[in-house]
1. Per Stokes-Einstein, at 10 °C and 1.306 mPa s, what whole-number D in µm² s⁻¹ belongs to the chain, with the Kirkwood radius over Cα pairs as the hydrodynamic radius?
2. Which value in nm describes the separation of the simple spin-label points at D2 and Q25, placed 7 Å from the Cα toward the beta carbon?
3. Calculate for the chain the 222 nm mean residue ellipticity that helices alone would give, adding -39,500 (n - 2.57) per DSSP H run of length 4 or more and normalising by residue count, nearest 500 deg cm²/dmol.
4. Please report the relative contact order for the chain, taking Cα pairs under 8 Å with a sequence separation of at least 6, and give it as a percent rounded to a whole number.
5. With +1 on the Cβ of every Lys and Arg and -1 on the Cβ of every Asp and Glu, and nothing else charged, how large is the dipole of region 24-66 about its Cα centre, in debye rounded to the nearest 20?
6. Among S42, A54, A7, which residue has its Cα positioned farthest towards the positive end of the charge dipole of the chain, with +1 placed on the Cβ of Lys and Arg, -1 on the Cβ of Asp and Glu, and the dipole taken about the Cα centre?
Amino acid sequence: MDTSHAAWRKSSRSNSGGNCVEVAQNLPGVALIRDSKLGDDSPVLALAPSQFAAFTRLIKDGRLDG
């Protein structure tokens with residue numbers, strides 16, 4: 001997948017500790033997630049918009065807390 005036009009953004013809850021993810025939602029039909037520490041060298045997880053919405057609901061509900 002060509003991610004060269006992805007507009008990456010960090011979470012507003014990111015801190016200076018470096019444990020952050022970046023998300024790009026500007027490409028049609030896909031939401032992309034990557035490790036901000038690795039930048040362009042990071043593997044990219046591609047999700048359908050509905051899958052990304054379900055993923056973020058799980059996070060907000062605390063159902064992925066370890």
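Nothing in this text is a laboratory measurement; each read-out follows from the coordinates by a stated rule. As the structure is a computational prediction, the values presented were derived from the model and not from experiment. Here the Cβ is made from the backbone with ideal geometry for all residues, glycine too, and neighbour counts use every protein chain on show.
1. Value of D from the Cα-based Kirkwood radius: 126 µm²/s.
2. It is 2.4 nm.
3. -5500 deg cm²/dmol
4. Once divided by the residue count of the chain, the mean separation gives 21 percent.
5. With only Lys, Arg, Asp and Glu charged at Cβ, the dipole is about 180 debye.
6. Toward the positive end, the furthest listed residue is A54.
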